[in-house]
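A short write-up of the structure that comes next.
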Number of protein chains: 2
Amino acid sequence: MQGSFHGRTFGALSTTRSKPIHKLDCPAFDWPVAPFPRYKYPLNENACENHLEDKRCLEKVADIIQRRRDGGRPVAGVLVEPIQSEGGDHEASPEFFQCLQQICKQSGVAFIVDEVQTGCGPTGKMWCHEHFQLTSPPDIVTFSKKMLTGGYFSLPEFRPAQGYRVFNTWMGDPGKLILLERVLKVIMQENLLATVGCTGLKLKEGLHQLENEFPNHINSVRGRGTFLAYNAPTTELRDKINNNLKKKGVLGGICGENAIRLRPALIFQPKHAEIYLDALRKTLKDL
Amino acid sequence: MQGSFHGRTFGALSTTRSKPIHKLDCPAFDWPVAPFPRYKYPLNENACENHLEDKRCLEKVADIIQRRRDGGRPVAGVLVEPIQSEGGDHEASPEFFQCLQQICKQSGVAFIVDEVQTGCGPTGKMWCHEHFQLTSPPDIVTFSKKMLTGGYFSLPEFRPAQGYRVFNTWMGDPGKLILLERVLKVIMQENLLATVGCTGLKLKEGLHQLENEFPNHINSVRGRGTFLAYNAPTTELRDKINNNLKKKGVLGGICGENAIRLRPALIFQPKHAEIYLDALRKTLKDL
């Protein structure tokens, strides 16, 4: 997908389309790229336009799959982030993902969801694609980061027939799995997914308020759980806001051309959200 | 190099030429492959033939580099294992590696040594390429396995000018580095490289004795430190020997068409070598 980031090894990098610097000097496979929706915000005021944007992207996916098949180089899989992160925190609707899966099913193409950034809770569900009410699970789900080790789940039919065809030295890295087991236990014991949901609502509500108060400085608040983002009108202003936040003790992230992204840990609570919103309000006032 | 194994991600796999099963169904880059020496044993009785084998392979390397440059697709790097492991434990002489590095230097091609299997002590030196008396260090040395985490060393000029161009989530994986620090400490405190050298000599001497006693069953004893191997005349006999060793409690490995490889831990001592040699003698006697 245009704007996607899937990693830096040569195969993953061939599917990555966020920043040119990532791909410079690296060989790449000739694999096709489709558009991923770019929504207008607020969503409830732009429903029709965003629906047409979904349609435009989906038609292009179907068209590429058809043309590649006709050309004798059929598409093996569609790789998609539930929220395009590195590329600018672009979200897409449940309907988009439902239709995308449908197209994949009809074409015999693997539907692969890259949950490296979104997986393990930050959207308020264990996996972000749980928000999409898919009619069946994705064919393959990849994970890393919060999961402490890289890996994937897949449907049984994606398991190679021969043993050891998917193999590496550490095979799941048992040492990391011991740590992960404890992480998962804490998530359940402390009910952290509910915390993320609760904190996320408060955080998003506060951000909506701020974009109303400072419409010339921030806009397009979006995201799920605490996996939220907003835009500044220009890259310069975005960088200024992020730097001024840092001076107030807030370590934040940027992505895409003009987005500021929020990636708090799962233990981020409503009281922490208040601290963040206060710091952001002061930052925006001082501009 | 023909017979090499460098990994399973798409870039690494494009340079891998050991078994067809590894590459099946996977896209690959159109990168050239050169022969790696295949020696006759014992080395001291085949010095002249093996020297010619070095020459044949080196001429082919130089020829490929020249032809690719003429064709407008210059070679960026030569990737080589100090001992071809997965491909059948094929070793090459210090002179081969010295000349290979020389060819790379003269052509402006990176000389990359893959020490994933050989690194961190099993050949009796920390890095197997230390056996080769190279006039200068390799441009890049890759490691993994015994080093507990994957990575590489490189000369400063191979560092990208821009920050974060070589980057991943864990950046060296500090948790693994804590474990590695302890591993390195134990290697030094217990003088394990000297142990490997000592055990290796005893093991190799014993294997030479056995290939003389059972010339119809094993041959071509080779390797450095305890990173040793020998061949059986056929794949069937090789598998039989390895399976019968297992029945005697020896967990061994196989590689290539007809090789049995030894990969004991660094704490393997001369007394353990005796146990192995006894088990192997009994196994060969029973055939």
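Every number here is computed from the coordinates shown, using simple stated rules; none is lab data. Treat the numbers as computed from the prediction; the structure is a model and nothing was measured. With ideal geometry, Cβ positions are generated from the backbone for all residues, glycine too; neighbour counts draw on all protein chains shown.
Just check region A:10-171 against the gyration tensor rule for me: Cα atoms, a ≥ b ≥ c as the square roots of the eigenvalues, rounded for a/c under 1.5, and otherwise prolate or oblate depending on whether a/b exceeds b/c.
rounded
Express as a percent, rounded to the nearest 5, the fraction of DSSP beta bridges in the protein assembly as shown (both residues included) that run antiparallel.
Approximately 70 percent, going by the DSSP bridge assignments.
Using the count of nearby Cβ atoms within 10 Å as a rough guide to exposure, how do A:Glu91, A:Glu59 rank from fewest to most?
Lowest count first: A:Glu59, A:Glu91.
So if each residue of separation counts as 0.36 nm, and I subtract the Cα-Cα distance between B:Arg67 and B:Phe153, what length gain in nm does that give?
28.0 nm
I need the calculated FRET efficiency for the pair B:Ile275 and B:Arg165, taking r as the beta carbon distance and R₀ as 35 Å, to the nearest 0.05.
The pair B:Ile275/B:Arg165 has a calculated efficiency of 0.10.
How many nanometers, to one decimal and shortest first, lie between the label point of A:Val250 and those of its other copies, if labels sit 7 Å from Cα toward Cβ?
Those separations, rounded to one decimal, come out as 6.7 nm.
With angles folded into 0 to 90 degrees, how steeply does helix B:94-107 sit against the dominant principal axis of chain B? Use alpha carbons for both and round to 10.
Tilt relative to chain B: about 10 degrees.
How do A:Phe10, B:Phe5 line up, fewest other C-beta atoms within 10 Å first?
A:Phe10, B:Phe5
Any idea what % of Cα-Cα pairs in chain B are farther than 36 Å?
The proportion of pairs with Cα distances above 36 Å equals 18 percent.
Sort shortest first the distances from B:Asp286 to its counterpart in every other copy, using label points 7 Å along the Cα-to-beta-carbon line, and give them in nm.
7.9
Rounded to the nearest 0.05, what FRET efficiency is calculated for A:Glu205 and A:Thr135 with R0 set to 30 Å and r the Cβ-Cβ distance?
0.45
Give me the percent relative contact order of chain B, please, defined on Cα pairs under 8 angstrom at least 6 residues apart.
15 percent
Skipping prolines and chain starts, which residues have an amide H placed within reach, meaning under 5 Å, of the one on B:Ala110, given they are 5 or more residues away or on another chain?
Amide H to amide H, under 5 Å and 5 or more residues apart or across chains, B:Ala110 pairs with B:Gly77, B:Val78.
Can you list, shortest first and in nm, the gaps between the label point of A:Cys26 and those of its counterparts in the other copies, using a point 7 Å from Cα in the C-beta direction?
1.7
Taking the alpha-carbon distance from A:Lys247 and a cut-off under 14 Å, which aspartates and glutamates remain once sequence neighbours fewer than 8 residues away in the same chain are dropped?
The qualifying aspartates and glutamates are A:Asp239, A:Asp278, A:Asp286.
Label-point separation (nm) for B:Leu177 and B:His51, each offset 7 Å from Cα along Cα-to-Cβ?
It is 4.7 nm.
Can you give me the long-range amide H partners of A:Leu228? Hydrogens built in the peptide plane at 1.01 Å from N, cutoff under 5 Å, separation of 5 or more residues or another chain.
The list, which skips near neighbours in sequence, is A:Leu262.
At a threshold of 8 angstrom on Cα-Cα distance, excluding pairs fewer than six apart, so keeping six or more, what relative contact order does region A:90-133 reach in percent?
40 percent
Please work out the ratio of the alpha-carbon Rg of the protein assembly as shown to 2.2 N^0.38 Å and round it to two decimals.
My calculation over the Cα atoms of the protein assembly as shown gives 1.15.
First measure r as the distance between the Cβ atoms of B:Thr235 and A:Gln102, then evaluate 1/(1 + (r/R0)^6) with R0 = 60 Å and state the FRET efficiency to the nearest 0.05.
About 0.80, to the nearest 0.05.
Cut-off is 10 Å between beta-carbons; in what order do B:Met147, A:Met126 appear when sorted fewest neighbours first?
With the fewest neighbours first, B:Met147, A:Met126 line up as A:Met126, B:Met147.
Measure nothing fancy, just the Cα-based angle from helix B:47-70's long axis to the longest principal axis of chain B, in degrees from 0 to 90, nearest 10.
20 degrees
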